[in-house]
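Okay, structure first, notes after.
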Amino acid sequence: MSGREAEAQWVDEVSDGERRFGVLASRILFDAPSPFQQVTIIDSPALGRALLLDRLWMTAEKDECTYHEMIVHPALVTAKQIKRVLVIGGGDGGTVREVLRHPEVEHVDMIEIDELVVTASREYLPTIGSAWNDPRLHVAFVDGAKFVEDAAPGSYDIVLIDGSDPVGPAVVLFEERFFKACARAVGPEGVVVTQGGSPTAQHEEHVGLIRTMSQVFSHVAPYYGPIGIYPGGAWSWVWATSGSARPDQPIAERVTRAEATSQYYNGQIQRGAFAVPNMVVRALEAK
Ligand code: SPD
């Protein structure tokens, strides 16, 4: 892609060399390399403004609510305490926006490795990142995996991992060593949620992630929702704890409050989203 005022053109994620997931873009608003990846923001009739990193879809104005509500609320309605939250990645600002809707949250650290993602998103995607000025939010541009390793044990109630796909700088965010560090950072009653890939288009990575997290946490629960712009359309997150919280025991008052502003999430979604497809159940049962 080149030229900020380019004429309408198809912009595709070519995720595995064999499939394309694309939209017709009316304009390329931003397209520049950072030290980590190519950062691109387009405008399009179908998605509105949308962010790609290394030509992989990250978020889009008309499609972002499901992803951001689902990576946040299942953890925040189930953990015993939600005062201190760590978000790894999430440079478009959508995840912290949803976290900050919960009034019990007192402090959010957002650790994004790539400052250009935040700079470009703040300029071109203000409707997604609408909470940048919340005084509870603290943003730092450092390596998220290293930050978690160095975090004091039990210093957070929740860790949310809003990384990219398991390629490039995000690969470490799928490794056992990283989840062990997350488990230390949240302490015994904390909850960790990560984006878990497509159960269909990225089946092996998805199953591998659940297996890896199950080595670290005593209770691991994948959950699912539709994200039209991601490969396969069916997407997942993985909820994990070694404490007593459970996805089917949400705190009703928090669910009701999240429902008041959400476009996708509600109490029935909280119940239904944790139903695991048979193809995943069977793969996890197989040795
Ligand atoms: N296939 C894309 C997975 C991306 C997950 N993170 C998206 C960032 C949205 N805040």
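Nothing in this text is a laboratory measurement; each read-out follows from the coordinates by a stated rule. Every value quoted in this text rests on a predicted model; they were computed, and no experiment measured them. Note that we place each Cβ from the backbone using ideal geometry, even for glycine, and neighbour counts take in every protein chain shown.
Rounded to the nearest 0.05, what FRET efficiency is calculated for residue 251 and residue 130 with R0 set to 25 Å and r the Cβ-Cβ distance? Please report the intermediate quantities before stating the final value.
On the way: r = 25 Å, r/R0 = 1.00.
The pair residue 251/residue 130 has a calculated efficiency of 0.50.
Along the charge dipole of the range 192-287, which of 197, 230, 267 sits closest to the positive end, that is, farthest toward it, with unit charges on the beta carbon of Lys, Arg, Asp and Glu (+1, +1, -1, -1)?
Value computed over the given set: 267.
Which FRET efficiency value, to the nearest 0.05, do you get for residue 123 and residue 146 by plugging their Cβ-Cβ distance into 1/(1 + (r/R0)^6) with R0 = 30 Å?
E between residue 123 and residue 146, to the nearest 0.05, is 0.65.
Run the helix sum for the chain: -39,500 (n - 2.57) per DSSP H stretch of 4+ residues, divided by residue count, reported at 222 nm to the nearest 500 deg cm²/dmol.
-8000 deg cm²/dmol
Given an 8 Å cut-off on Cα distances and at least 6 residues of separation, report the relative contact order of the range 114-191 as a percent.
Relative CO of the range 114-191 lands at 33 percent.
Only Cα pairs under 8 Å and at least 6 apart count here; give the relative contact order of the chain as a rounded whole percent. Intermediate values should be presented prior to the final figure.
Numbers: 622 pairs, mean separation 46.6, N = 287.
Across the chain, relative contact order equals 16 percent.
Placing unit charges on C-beta atoms (Lys and Arg positive, Asp and Glu negative, everything else neutral), compute the dipole magnitude of the chain about its Cα centre in debye, rounded to 20.
760
Under unit Cβ charges (Lys, Arg +1; Asp, Glu -1), what dipole magnitude, rounded to 20 debye, does the range 184-275 have relative to its Cα centre?
Using only the charged Cβ atoms, the result is roughly 120 debye.
Pick out, from 17, 94, 148, the residue whose Cα sits farthest towards the positive end of the charge dipole of the range 13-149, with +1 on the Cβ of Lys and Arg and -1 on the Cβ of Asp and Glu.
94
Could you work out how much longer the chain between residue 264 and residue 8 gets when fully extended? Use 0.36 nm per residue separation minus the Cα distance between them, nm to one decimal.
89.1 nm is the gain from fully extending residue 264 to residue 8.
Placing +1 at every Lys and Arg Cβ and -1 at every Asp and Glu Cβ, with all other atoms neutral, what dipole size does the range 126-212 have around its Cα centre, in debye to the nearest 20?
Approximately 120 debye in magnitude.
Using alpha-carbon pairs under 8 Å, 6+ residues apart, how would you state the relative contact order of the range 202-287 in percent?
29
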